[in-house]
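See structure below.
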Amino acid sequence: MTRRYLSILLVGSLFSLSACAQQSEVRQMNQSVSSLNATMSKLNQETVKITQQNALNVKSTSGVYLLPGSNTPARLNSQIGTLRMSLVNVAPNADGTRATLRIQGESNDPLPAFSATVAWGQIQGTTDNFQEQNVQTQLINAPASVLAPSDVDIPLQLNGITPDQLGFIRIHDIQPVAQ
């Protein structure tokens, strides 16, 4: 009788231990699937932003559009050469949004000092038929680069708009500045 009781106890313990191990594996699998879903959702949103940014820039006759969340540079043929521009470090702050405008020269020459106009706001409509709303502008100045190829990071303070509301940033009227 004791032997039978012991074997029943042992079999029951094995079943409960195997059930715990399976529960743990199921939990881990669920976490992995959730993580993968979040990554795929982020990539889908980024793809939409890249597509919108490209469509806006194809039609742009005045500067280059950068959309927060696209994480992709846009090219601009300007008076100081071909430039690659991107937005990095977009984050909220007390006055609205702060961001860094990264400008990279594509030639083997250093970038000269230049000024540009930065406009930002919201976009309503589609990329085929859109309207800029609540547009604000500021003039930026960049010092001459010493190294080539050149990278210039310009901090931007975009007042009156949160990162969630920010639909676009457009850089235009790039002019060399005499020093």
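The values are calculated or read from the model by the stated rules, or taken from the named source; none is laboratory data. Since we're looking at a predicted model, the values are computed, not measured. Here Cβ is always computed from backbone atoms with ideal geometry, including for glycine, and neighbour counts include all displayed protein chains.
Listing for the model above:
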{"read-out": "Residues (in contact (Cβ under 8 Å) with a residue 60 or more places away in the chain and either part of a strand (DSSP E or B) or acidic (D, E) (or both)) located in segment 104-122", "value": "F114, S115"}
{"read-out": "Criterion violated by I50 - all others in (1) surrounded by 13 or more Cβ atoms within 10 Å (Cβ to Cβ); (2) assigned to a strand (DSSP E or B) satisfied", "value": "(2)"}
{"read-out": "Filtered residues of segment 60-103 (kept if among the β-branched types (V, I, T), closer than 13 Å to D173 by Cα and assigned to a strand (DSSP E or B))", "value": "V64"}
{"read-out": "Qualifying position, being over 19 Å from A91 (Cα atoms) and in contact with a strand residue (DSSP E or B) (Cβ under 6 Å, 6 or more places away or on another chain), among G125, G167, G160", "value": "G125"}
{"read-out": "Counted residues, segment 26-74 - those being more than 18 Å from I103 (Cα to Cα) and touching a helix residue (DSSP H, G or I) at 6+ places or on another chain (Cβ under 6 Å)", "value": "0"}
{"read-out": "Only one of P68, P92 that is farther than 20 Å from V177 by Cβ and surrounded by 16 or more Cβ atoms within 10 Å (Cβ to Cβ)", "value": "P68"}
{"read-out": "Counted residues, segment 123-147 - those being within 17 Å of L67 (Cα to Cα) and not in a loop (DSSP other than H, G, I, E, B)", "value": "11"}
{"read-out": "Lone unmet requirement of (1) at pLDDT below 90; (2) within 21 Å of E46 (Cβ to Cβ) for R170", "value": "(1)"}
{"read-out": "Matching residues in segment 153-175 - criterion: being of a type in the set (D, E, K, R), farther than 17 Å from A113 by Cβ and surrounded by 12 or more Cβ atoms within 10 Å (Cβ to Cβ)", "value": "R170"}
{"read-out": "Unique match (being closer than 21 Å to P143 by Cβ and buried (at least 19 other Cβ atoms within 10 Å of the Cβ)) among G63, G81", "value": "G63"}
{"read-out": "Single condition S150 does not satisfy, out of (1) among the small types (G, A, S); (2) crowded, with 18+ Cβ neighbours inside 10 Å; (3) closer than 18 Å to V64 by Cα", "value": "(3)"}
{"read-out": "Pairs, first without any contact (Cβ under 8 Å) to a residue 60 or more places away in the chain in segment 46-71, second acidic (D, E) and part of a helix (DSSP H, G or I), C-beta under 7 Å, six or more apart", "value": "G69/E46; S70/E46; N71/E46"}
